[in-house]
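Q: What follows is a single structure, and I will ask about it in a moment.
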Amino acid sequence: MAFKPQIIPATDFYPNVGVGLGLPFSSPGVFQLTYSSTEALKNNLINYLLTEAGERWDNPRFGAGLRKYLFEQIANNTLESIQDDLSSKISQTFPQVTLNKVEVTSNPDTNTITAGIYYSVKNQSITDQIEINFG
């Protein structure tokens, strides 16, 4: 039987040191800090999904580019295109993330699209999900 060790990031050994900024920016102070690498990774994924490619000054390839789908007709091929696009971009940008499932569904009554991203962190027993509505 194979033993698969967990790799704990060094930043998680210092619980009082902030490693990232939390989203949304609605804390009573200026910014809400995250204190674990998994919280920071989730916030980085959310930031990636909300950013358009070319929007960041030093990293023009950073961003999922979901805005280009805002005025597209909601059809099965559009949903499949969003799903494939998200899967490939997240896999390229975040090598420490294993995508378990990317599910894109539509709600024609409210004219919105929901993207559900179910992922796990490599070499850690952490699974999480992100759900983003746009349209």
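Q: Find the percent of Cα-Cα distances in segment 90-135 that exceed 13 Å, and round it to a whole number. Intermediate results must be reported in sequence, preceding the final value.
A: On the way: 612 of 1035 pairs.
Everything past 13 Å amounts to 59 percent.
Q: Rank the residues Glu52, Glu39, Glu131 as a footprinting-exposure proxy: fewest other Cβ atoms within 10 Å of their Cβ go first. Could you put the intermediate results ahead of the total?
A: Numbers: Glu52 13, Glu39 18, Glu131 10.
Listed from fewest to most nearby Cβ atoms, that is Glu131, Glu52, Glu39.
Q: Return a single number: how many Lys pairs in the chain, at a sequence separation of 8 or more or on separate chains, have alpha-carbon atoms below 20 angstrom apart.
A: Numbers: Lys4/Lys122; Lys42/Lys89; Lys42/Lys101; Lys42/Lys122; Lys68/Lys89; Lys89/Lys101; Lys89/Lys122; Lys101/Lys122.
Taking the chain as the scope, the lysine pair count is 8.
Q: Which Cα, out of Leu99, Gly18, Thr51, lies furthest along the positive dipole direction of the chain (beta carbon charges, K/R +1, D/E -1)?
A: Selected residue: Gly18.
Q: Okay, next question. How big is Rg to Rh over the chain, alpha-carbon atoms, Rh as the Kirkwood inverse-mean-distance radius?
A: Working: Rg = 16.7 Å, Rh = 16.5 Å.
The Rg/Rh ratio comes out at 1.01.
Q: What number, rounded to the nearest 500 deg cm²/dmol, is the helix-based mean residue ellipticity at 222 nm of the chain, given -39500 (n - 2.57) per DSSP H run of at least four residues and division by all its residues?
A: Details: 2 runs with 32 residues, N = 135.
Mean residue ellipticity at 222 nm (helix-derived): -8000 deg cm²/dmol.
Q: OK, next. For a Förster distance of 35 Å, can you work out the FRET efficiency between the beta-carbons of Gln96 and Arg67, rounded to the nearest 0.05?
A: Values: r = 26 Å, r/R0 = 0.74.
The computed FRET efficiency comes out at 0.85.
Q: Ok, one more. Val17 versus Leu50, label points 7 Å from Cα toward the beta carbon: distance in nm?
A: So the label points at Val17 and Leu50 sit 2.7 nm apart.
Since every read-out is calculated from the coordinates, none of them should be taken as a lab result. Quick caveat, the model's predicted, so the values are computed rather than measured. Virtual Cβ from ideal backbone geometry, glycine too; neighbours counted across all protein chains shown.
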